[in-house]
Amino acid sequence: MKKFVMFCGALFIASAWALTGQAEEPTEAEIAARDEAFSKSMRKCVLVGSFTIDGKENQDAPKAERYEIESVTKASENLWIFMTRVKYGKLDTKLPITVPVEWAGDTPMVSLTDANLPGLGEGFSARVLFYENRYAGTWQHGAIGGHMFGKIERATDEGSKDAK
């Protein structure tokens with residue numbers, strides 16, 4: 001059953017990608033509206049979810065992950081600046097992370113390939129889709145990789161989740 005669900009998911013993503021290639025290019029107004037909606041949806045949010053590590057023996061369940069995002073702003077045609085609070089190992093700091101974002105219709109996707117991230121290291125690759133209040137994707141750091149997925153939760157000015 002698990003393999004069937006994964007197959008259906010892969011088939012859906014491949015179909016969506018093929019269909020977006022056949023669509024007309026968006027107008028400047030549509031791009032501006034899409035970009036603003038993405039920026040607004042990612043303002044003061046927290047990605048709360050799980051990640052897996054491929055090939056890890058005795059992995060009972062996915063591991064918890066949490067990414068705090070203060071803002072996301074467009075820097076150029078396909079580069080976006082994510083102002084984040086990063087907790088990775090002993091590191092706990094706020095930093096801007098500039099990443100490419102590509103679009104499948106109205107769905108943004110972070111697309112990193114062997115990227116160097118300040119304070120985190122080298123060789124990061126990821127494909128992460130954002131849609132409504134969810135995110136999902138794959139990650140790779142050197143020879144280690146896996147999947148990541150979860151919810152996008154709104155945060156208040158105090159940093160706690162809204163009641164929505």
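Computed quantities for the displayed model
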| quantity | calculated |
| --- | --- |
| Accessible-area ranking of 36, 24, 65, largest first, probe 1.4 Å | 24, 36, 65 |
| Gained length - residue 79 relative to residue 50, 0.36 nm times residue gap less alpha-carbon distance | 7.9 nm |
| Estimated inter-spin distance, residue 65 and residue 116, nm [label 7 Å along Cα→Cβ] | 2.3 |
| Rule-of-thumb Rg ratio for the stretch 59-104 [Cα; 2.2 N^0.38 Å; N residues] | 1.43 |
| Ranking by accessible area, most exposed first, for 85, 134 with a 1.4 Å probe | 134, 85 |
| Nearby aspartates and glutamates by direct alpha-carbon distance to residue 56 (threshold 18 angstrom, same-chain neighbours under 8 apart not counted) | 65 |
| Area of residue 98 that stays accessible when all protein chains are in place (1.4 Å probe, Å², to 10) | 80 |
| Semi-axis lengths, Å, the stretch 75-131, gyration tensor of Cα atoms, sqrt of 5 times eigenvalues | 22, 12, 11 |
| Two-site FRET efficiency, residue 98 against residue 144, from Cβ-Cβ distance with R₀ of 30 Å, rounded to 0.05 | 0.80 |
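The values are calculated or read from the model by the stated rules, or taken from the named source; none is laboratory data. This is a predicted model, so every value here is computed, not measured. Neighbour counts run over all protein chains shown; Cβ positions are idealised from the backbone, glycine included. Surface areas here come from the heavy atoms of the whole protein model, side chains and all, with no ligands, DNA or RNA. Shrake-Rupley method; radii C 1.70, N 1.55, O 1.52, S 1.80 Å.
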